[in-house]
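Asker: Once you've had a glance at the structure underneath, I'll fire off some questions.
The values are calculated or read from the model by the stated rules, or taken from the named source; none is laboratory data. Please read all numbers here as calculations on a predicted model, not as lab measurements. Cβ placement follows ideal geometry from the backbone for every residue including glycine, while neighbour counts extend to all protein chains displayed. What goes into the accessible areas is simple: the full protein's heavy atoms, side chains included, and nothing from ligands, DNA or RNA. Shrake-Rupley method; radii C 1.70, N 1.55, O 1.52, S 1.80 Å.
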Amino acid sequence: MTAVSLSDVTFSYGDVPVVDGVSLDVPEGEFLGLVGPNGSGKSTLLTLMLGLRRPTRGEVRLFDRPAHDFSDGERVAYVAQDATDAARDMPVTVREVVRMGRYPRNLFGRFSADDREAVASALDRVDIADLADRRVGALSGGQRQRVFVARALAAEADLLALDEPTVALDAESREAFYDLLGDLNEQGMTVVLVEHDIGVVTARASRIACLNKRLYFHGDTDDFADSDALAAAYGSNQRVLDHDHGHGHHHDHGHDHDPALSHSDARDEPEDES
Ligand code: ADP
Ligand code: MG
């Protein structure tokens with residue numbers, strides 16, 4: 001089955017479209033990386049995919065139903081761009097947040113043994129069982145991101161959508177977090193990851209969608225490296241593009257933090273960046 005299907009999706013906040021005529025399918029089990037320069041519409045497209053916004057034109061389907069009236073809330077988990085910031089002040093424990101993943105199933109009832117089991121197993125799978133009674137606000141950024149993933153697992157979500165989840169993490173926690181996403185994907189979870197670090201995406205995702213208002217590329221990771229899509233999509237963004245190279249695969253490190261290609265070893269390129 002197709003997890004997400006977009007056909008000719010256009011969206012504007014005002015008069016000017018920020019997402020323009022995007023069509024793409026995300027089959028179940030895929031790990032899709034969504035890349036593009038700042039302001040290219042990645043976060044907007046993600047919310048369109050999840051039915052949190054309605055397109056101005058075109059259609060979005062989630063698991064073969066119109067996304068805007070998709071009611072099976074627990075099937076889809078969303079870690080928003082500022083999720084960890086918001087959580088910093090939450091006066092709740094890790095276990096309480098993960099239990100929220102069970103709420104859609106328990107609108108009227110009490111927590112059953114199944115619910116408790118699902119919460120315990122989710123905490124276990126992301127390796128934070130020992131943190132269950134800690135306050136979310138007292139965790140590190142990497143630990144907090146795991147809490148949100150655990151909540152998605154407790155919900156038994158089939159689709160996990162994350163918007164730049166590792167911006168605040170150090171390199172080691174980042175790698176560990178992406179290892180976790182890779183494991184979950186191998187176990188069958190469909191993952192859509194918005195990520196500005198192209199090296200990370202090409203190393204982790206099976207397919208790439210490269211956006212700058214419209215879709216510049218959608219296909220296999222290997223083909224993306226060989227295409228001109230990156231240069232085309234990032235063309236006007238001189239902070240990211242290395243103008244000395246014609247291929248568009250090379251980037252300088254002028255980005256404020258997390259240069260777009262910090263994981264250069266993840267790509268198999270003949271030339272080096274020195
Ligand atoms: P990205 O995630 O790729 O950085 P966004 O989807 O956040 O891009 O934003 C795409 C464009 O839409 C940007 O020009 C941004 O300024 C604009 N935008 C984003 N959110 C809003 C909003 N709530 N109201 C008006 N404009 C917005
Ligand atoms: Mg964004």
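Asker: Could you order the peptides 202-214, 144-156 from most to least packed, using the average number of other C-beta atoms within 10 Å per residue? Working shown, then result.
Answerer: Values: 202-214: 21.5, 144-156: 24.8.
Order by mean packing, descending: 144-156, 202-214.
Asker: Stretch E186-T2 to full length: gain in nm at 0.36 nm per residue minus the Cα-Cα span? List each step's numbers first, then the result.
Answerer: Details: separation 184, 0.36 × 184 = 66.24 nm, distance 1.71 nm.
Result: 64.5 nm gained on full extension.
Asker: Here's another thing I want to ask about it. Once both labels are modelled 7 Å past Cα along the beta-carbon direction, what's the D226-R54 spacing in nm?
Answerer: That separation, rounded to one decimal, is 4.3 nm.
Asker: Return P(r) of the stretch 79-157 (all Cα-Cα pairs; 5 Å bins starting at 0; whole %; ordered from short to long distances).
Answerer: That works out to 3, 18, 29, 25, 17, 7, 1, in percent per bin.
Asker: Further question: Could you pull the accessible area for R57 with a 1.4 Å probe, rounded to 10 Å²?
Answerer: Approximately 110 Å² of R57 is accessible to the 1.4 Å probe.
Asker: Keeping the other protein chains in place, figure out the carbon and sulfur percent of the accessible area of the stretch 79-157, with a 1.4 Å probe. The partial results should precede the final answer.
Answerer: Values: 1890 of 4180 Å².
Percent of accessible area from carbon and sulfur atoms in the stretch 79-157: 45.
Asker: Moving on. Starting from the amide H of L52, placed 1.01 Å from N in the peptide plane, find each other amide H under 5 Å away whose residue is 5 or more places distant or on another chain.
Answerer: Close amide H contacts, sequence-distant or interchain: none at all.
Asker: Obtain the radius of gyration and the Kirkwood radius of the stretch 131-179 from its C-alpha atoms and give Rg over Rh. Spell out each step's value before the answer.
Answerer: On the way: Rg = 11.2 Å, Rh = 11.6 Å.
In the stretch 131-179, Rg relative to Rh is 0.96.
Asker: With each pseudo-label sitting 7 Å past Cα toward Cβ, what's the D124-M100 distance in nm, one decimal?
Answerer: That separation, rounded to one decimal, is 2.5 nm.
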